[in-house]
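*Asks:* Supplied in structure tokens, the structure appears directly below.
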Amino acid sequence: MAFNNLPLIEPILKAVAQEGYTTPTPIQQKAIPLVLDGNDLLGCAQTGTGKTAAFSIPIIQLLSTQKQSRPGIKALILTPTRELAIQINESLASYGKFTKIRHTVIFGGVSQLHQTNALKRGVDILVATPGRLLDLINQKYIDLRHLEIFVLDEADRMLDMGFIHDVKKLINIIPTKRQTLFFSATMPSEIQKLADTLLKNPKYVEVTPPSSTVEKITQKLYFTNKNDKAKLLIHLLEKENIGSALVFGRTKHGSDKVVKLLQREGIKAAAIHGNKSQNARQNALNDFKNGKIRILVATDIAARGIDIDELATVFNYDLPNIPETYVHRIGRTGRAGNSGVAISFADQDTMKEYRDIEKLIGIKIPVIDEHPYQMSGNPTVEKKEQKNNKRSFSRKRR
Ligand code: AMP
């Protein structure tokens, strides 16, 4: 199926072609016609499936083809993180560039002046994170009386990040007569309950459960010592001819340390995490996207929603202690049909994590044992056994 087969207007088809997209992803194929027909939608999909375009494109079309357009904000896209909000706004700019739709983005952690000025100029589609949105509503910069379409993006992460109360507050403010699009990667019961209260006769669209995303990605595991991980990273960056890569660290301090070690070797790197200002994070992300820096080291919170086209390699420098996070992390690569590589380091302290991940994804991650920074003398495992079965390292934690 091509984009031309969807009932889309010429300005959108032209913009999509300029983006280089030829085929709509499964969620786009399913969701775009349903949203254009005015349905409420419950979409079970994670980032990387093309869901941003799946809701942005029909919203742009619905609003730009209205016969009588009322002034004011007509669509609101609520998303949990600043990075996601910025990326959605960039997508609106790309897909709507040949329409007259006006859009802007608001998020916390920066001065509100630029945002309130944009709001005063007039906006059709507003992308927002919950805190700043409620703040600007209270300050009367935002009026949602004319809202027609409400998108709740990444609902499960809203819950994880403690925003559910803000979301509920907002729902009491917006008009009850509206079209609602609800997206979540997972459907825990609290999210299902929220969906039930928000949606009227929704159509249900589900794509790519996490496990099938994982299957597309080449996964590799290296057993090494905690103190050798930076050396192993540098070794692999050189030997494996890896261009740019996203490296996941568990702590802010640890991430900064990795960056320092890489820089000492002349490898351009930067870290993004919660201690960095929004501007520093955005600059690092832009530098990474533009190829000015080769390695971006990120903690999970900071990396949420990072959208980088054609990210080929992800490193799990520190394995996450929540196995689902592994799936989210490696889902940053292998997007929209591209192939990807996920390289993980397991040290003596993260053996349990590695086993829990394998249990979740249901496959054994191939172990690469040809490298100079082998995990040293685990006293609980016989040498011979080590040779026969590298996995026996995991039998006992230190
Ligand atoms: P998302 O799931 O919205 O985060 O999108 C994942 C990535 O896929 C983004 O980098 C988009 O630019 C890209 N993308 C979205 N739709 C398509 C498409 N139909 N063809 C190729 N790439 C796409």
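Just so it is clear, none of the values below were taken in a lab; they were calculated from the coordinates. In this text the structure is predicted, and so the values were computed from the model without any measurement. Please note: Cβ atoms are built from the backbone with ideal geometry, for glycine as well, and neighbour counts cover all protein chains shown.
*Asks:* What ranking of I59, I191, I301 emerges when the number of other C-beta atoms within 10 Å of each C-beta is taken as an exposure proxy, fewest first?
*Replies:* With the sparsest Cβ surroundings first, the list reads I301, I191, I59.
*Asks:* Looking only at GluC sites (Glu not before Pro) in DSSP loops with at most 15 other Cβ atoms within 10 Å, what is the longest site-free stretch of the chain?
*Replies:* Between the exposed loop sites, the longest stretch runs 1-239.
*Asks:* Over every pair of different alpha-carbon atoms in the chain, take the mean of 1/r and invert it; report that Kirkwood radius in Å.
*Replies:* 22.5
*Asks:* Helix-derived [θ] at 222 nm for the chain: sum -39500 (n - 2.57) over DSSP H runs of at least 4, divide by residue count, nearest 500?
*Replies:* After summing the helix terms and dividing by the residues of the chain, the value is -12000 deg cm²/dmol.
*Asks:* Continuing with this model, one more query. Any chance you could list the semi-axes, whole Å, largest first, of the equivalent ellipsoid that the Cα gyration tensor gives for the stretch 3-206, using √(5λ)?
*Replies:* Semi-axes (√(5λ), whole Å): 24, 21, 16.
*Asks:* List, in the order given, every pair from K67/K120; K220/K289; K97/K200 whose Cα-Cα distance in the structure shown is over 26 Å. The partial results should precede the final answer.
*Replies:* Details: K67/K120 23 Å; K220/K289 24 Å; K97/K200 31 Å.
Checking Cα-Cα distances, K97/K200 exceed 26 Å.
*Asks:* Given a 10 angstrom Cα cut-off, can you work out which residue in R294, R70, R102 is the most mobile in a GNM of the chain?
*Replies:* Of R294, R70, R102, the Gaussian network model singles out R70 as fluctuating most.
*Asks:* For Y354, Y204, which order do you get if you count the other beta carbons within 10 Å of each Cβ and list the fewest first?
*Replies:* Arranged by neighbour count, lowest to highest, Y354, Y204 become Y204, Y354.
*Asks:* Between the stretch 220-259 and the stretch 108-139, what's the alpha-carbon centroid distance in Å?
*Replies:* 38
*Asks:* Now a separate question. Starting with the fewest neighbours, write out F345, F3 ranked by other beta-carbon atoms found within 10 Å of each beta-carbon.
*Replies:* Result, fewest neighbours first: F3, F345.
*Asks:* How long are the three semi-axes of the equivalent ellipsoid of the stretch 242-378, in whole Å, if each is the root of 5 times an eigenvalue of the C-alpha gyration tensor, listed from largest down?
*Replies:* After diagonalising the Cα gyration tensor, the semi-axes are 24, 18, 15 Å.
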